[in-house]
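This report concerns only the one structure given below.
The values are calculated or read from the model by the stated rules, or taken from the named source; none is laboratory data. Just so it is clear, the structure is predicted and the values come from calculations on it, not from any experiment. Backbone-built Cβ (ideal geometry, glycine too); neighbour counts: all protein chains shown. Accessible surface areas use protein heavy atoms only, side chains included; no ligands, DNA or RNA. Shrake-Rupley method; radii C 1.70, N 1.55, O 1.52, S 1.80 Å.
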Amino acid sequence: VYRSGIGAVYNAEYGSSGINAEYGGGNLIFSPDSNKLLSPVGNRITIFDMKGSKTVTLPFETRKNMECFALSPCGNMLVCVDVEGRAILINVRKRVLLAHHNFKKPVSAISYSPDGVHIAVSHGKHVQLWQAPGTSKEFTPFTLVRTYPGQYDEVSTISWSTCSRYLVCGSVDMTVKVLSREPEEDFVPVTLTGHKRGVVGAWFGPGGAHEVISVSADGGMFLWERSAVTGKWSVASKNFVNQAGGIHVTCAALQSALLVVGLSNGQFTLYDVPTFDQIHTLSISQKDISTVSISPSGDLLGFGCQGHGQLLVWEWKSETYVLKQQGHSYNMNCVSYSPDSLSIATGGDDGKVKVWSTETGFCYVTFNEHTAGVSDVTSGRLEMLFCPLVWMGLSELSIFTDIGTSVQ
């Protein structure tokens with residue numbers, strides 16, 4: 001079955017796996033054991049099992065394309081929010097849809113607290129704190145605890161301290177705000193100013209809740225510290241990403257003492273914090289890096305590039321790709337099974353033909369000999385070669401075999 005350029009293969013035992021179901025926007029999240037990567041595909045979630053080399057697309061969908069989602073610390077509960085602010089609550093382990101909810105405004109950031117008790121959600125210029133839903137069906141699973149005002153533009157990022165007592169949020173208005181989950185006598189919410197462009201990431205540093213690291217679109221990487229004597233916040237250090245003219249920071253992620261920054265030219269850089277020493281840099285795409293995520297183990301970096309539909313997982317210590325997938329750049333026009341039903345060939349408006357495994361959902365070969373959109377694709381047997389592929393473009397016919405030869 002395929003629609004809107006995304007196909008799905010349904011298996012009675014394993015469920016469905018996406019075909020051409022690559023990254024199309026939104027954030028990425030690794031599972032707590034770092035073996036799986038959750039990625040939005042249109043209005044659904046696809047789970048890439050890197051250890052078992054297979055993919056599973058959850059059979060639940062939001063009304064519109066997904067904007068962001070959050071996974072509970074235990075890995076059981078999943079909250080997915082579409083571009084209009086409508087959310088669904090999923091029990092991932094049991095594959096059960098528990099509830100629908102409407103936040104009534106577009107949500108750009110959502111995050112579970114480390115203890116799994118609360119969920120912080122951006123709500124325009126405000127941050128809302130919700131009681132985290134349980135694992136069973138409830139009449140009102142989402143309960144609003146409080147709303148934090150104070151920013152002058154849309155909240156772009158939300159992060160928690162490891163103790164779950166404090167939140168730090170960044171905004172398009174170039175400010176960073178530190179909040180407390182519960183009112184405290186010796187704590188006053190503070191707004192940190194100094195960035196010259198919108199904040200793309202803000203987190204509590206390795207030093208705990210008295211240390212904040214923020215990254216802005218102009219490449220500024222600031223380390224903020226709170227004085228134990230006066231209680232005032234100040235900039236401890238300022239560092240900047242090395243970038244040429246016109247290049248800006250599009251995304252960033254922090255895990256323990258590792259900071260990864262993605263740029264608009266498809267390059268990323270890995271830093272050690274709080275010293276901001278450069279560890280590693282690599283160019284992975286010709287388009288913007290839309291989102292980045294670091295696995296809980298700190299070994300894997302997940303990247304999504306919406307412009308090319310790329311989904312990449314890079315192991316930075318060994319400098320190898322663990323996962324590298326890319327769908328059709330434009331609409332997918334045709335689909336054809338191989339005679340043994342183990343492979344599927346797809347053709348799209350980008351002039352490419354891709355061959356996918358029905359068992360794993362991964363694309364294992366791409367042909368780009370066509371100069372125009374592919375209008376049809378079929379498969380059969382040709383002499384003694386197993387499963388050659390034949391497809392037609394607008395004014396050409398190509399015959400490909402599984403050994404990589406082609407005849408125009």
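In the assembled protein chains, Cys163 presents an accessible area of approximately 70 Å² (probe radius 1.4 Å). Site pair Leu342 and Tyr152 shows an inter-label distance of 6.3 nm when each label is modelled 7 Å from Cα along Cα→Cβ. When only the Cβ of Lys, Arg, Asp and Glu is charged (+1, +1, -1, -1), the dipole of the chain relative to its Cα centre reaches about 840 debye.
Within 10 Å of each candidate Cβ there may be at most 14 other Cβ atoms; applying that plus a DSSP loop requirement, which trypsin sites (Lys or Arg not before Pro) in segment 75-113 survive? Loop-located and lightly packed - Arg93, Lys94, Arg95, Lys104. Which one, Val353, Val261, Val117, has the greatest fluctuation when you compute a Gaussian network model over the chain with C-alpha springs under 10 angstrom? The residue with the greatest mean-square fluctuation here is Val117. Extension gain for Glu359 to Phe139 (0.36 nm times residue separation, less C-alpha to C-alpha distance): 75.4 nm.
Sorting Glu211, Glu319, Glu182 by accessible area puts them as Glu319, Glu182, Glu211; the probe is 1.4 Å, largest comes first, and only protein heavy atoms count.
Taking 0.36 nm per residue of sequence separation and removing the Cα-Cα distance, the Ser375/Asp218 pair yields an extension gain of 52.2 nm.
Accessible area per residue for segment 40-103 is 39 Å², calculated with a 1.4 Å probe on protein heavy atoms, without ligands, DNA or RNA.
The distance between label points at Ala99 and Gln306 comes to 2.8 nm (points 7 Å beyond Cα on the Cα→Cβ vector). Quick one: which of Lys94/Lys317; Lys54/Lys317; Lys137/Lys324; Lys104/Lys137 span more than 31 angstrom between C-alpha atoms? Table pairs above 31 Å Cα-Cα are Lys94/Lys317; Lys137/Lys324.
For the chain, the carbon plus sulfur part of the accessible surface works out to 50%, probe radius 1.4 Å. Note on the chain: GNM, Cα springs under 10 Å; of Gly207, Gly327, Gly348, the largest mean-square fluctuation is that of Gly207. Taking only the Cα atoms of the chain, the ratio Rg/Rh comes out at 1.01, with Rh defined as the Kirkwood radius. The GNM of the chain, with springs linking C-alpha atoms under 10 angstrom apart, assigns the highest mean-square fluctuation among Ala253, Ala228, Ala345 to Ala228. Protein-only accessible surface at a 1.4 angstrom probe places the residues Tyr152, Tyr364, Tyr271 in the order Tyr152, Tyr364, Tyr271, largest first. Were the residues from Thr193 through His126 laid out at 0.36 nm apart, the gain over their Cα-Cα distance would be 22.4 nm.
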